[in-house]
Amino acid sequence: MLILTRKIGEGIRIGPSVHLVVLEVKGGAVRIGIEAPEGVLIHRDEVLARITEENRKATGTSRDKVEGEALLPSPGPGGAMKVFDTKRFGRIPVEDERIIIFPDGLLGFPASRRFVLLETAENGIFYWLQSLDDPALAFVVIDPVHLIPDYKDRLLLPDWDREFFDPEGPATLHAMAIVTFSETGASANLQGPLLVRENDRLGRQIVLAESDTWLRMPVFLPEEKGGGPS
């Protein structure tokens, strides 16, 4: 056990420009505060836990329209191809330039860092984000612009995320929200979006300011069309 002795008001550095500060010592209790510059968001453990749980629930999607075979893209001329095994789609060929890398993994899935985006029967709305490190792991994702047109303009990134994405501006970042399907409908996690730099396809799942509305934003799906194929 490491015991640190500090006077009231004296800080302990726990990260870039972030300090723990002893506010009060009373009897056997110590009251601790966090001192950070404006713009640095400090997230409580329960916020991270909620987003992690949403990620885990989203892997069990069962909506018929996105359960079928993925629409695999045709390889470009001269593109280097690798073949990956997946539980949902079998063996799929993937061009190197289509691989998206999340260096830190996703919340709840730190070992899954390489993904590929696959089209679905509802191209332009839903896509599959298939892990290339875990054959069984795949998410349905949606562009948040379908739900909030100015979503990227409203993003307030913590300093450490801004440093990762700089000098990329919102216009050069691709945003995805993980979708969870249930018996009562579908919701997209806009509080923990996936942002990807378009120039090198590096991404990160970020955590935004706390909002139950953004954590489970309702997705109003297109109406099912009856009858046989046209």
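The values are calculated or read from the model by the stated rules, or taken from the named source; none is laboratory data. Predicted, not measured: the structure shown is a model, and the values here were computed from it. Neighbour counts are summed over all protein chains in view; Cβ atoms, including those assigned to glycine, are modelled from backbone coordinates with ideal geometry.
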Suppose the filter is in contact with a strand residue (DSSP E or B) (Cβ under 6 Å, 6 or more places away or on another chain) and free of Cβ contacts under 8 Å to residues at least 12 places away in the same chain; does Arg98 pass it? no
Only one of these is in a strand (DSSP E or B) and at pLDDT 90 or above: Val145, Val140. Name it. Val140
Given (1) modelled with pLDDT under 90; (2) part of a strand (DSSP E or B); (3) in contact with a helix residue (DSSP H, G or I) (Cβ under 7 Å, 6 or more places away or on another chain), index of the condition Ala121 fails: (2)
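I need a count of the residues in the range 98-118 that are outside any loop (DSSP other than H, G, I, E, B) and either of a type in the set (Phe, Trp, Tyr) or farther than 20 Å from Glu54 by Cβ (or both).
Step one: of the range 98-118, the residues outside any loop (DSSP other than H, G, I, E, B) are 98, 100-101, 106, 109, 114-118.
Going one step further and asking which of them are either of a type in the set (Phe, Trp, Tyr) or farther than 20 Å from Glu54 by Cβ (or both), we end up with 98, 101, 109, 114-116, 118.
Matching residues across the range 98-118 total 7.
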Residue check, Leu129 buried (at least 18 other Cβ atoms within 10 Å of the Cβ), outside any loop (DSSP other than H, G, I, E, B) and touching a residue at least 24 places away in the same chain (Cβ under 8 Å): yes
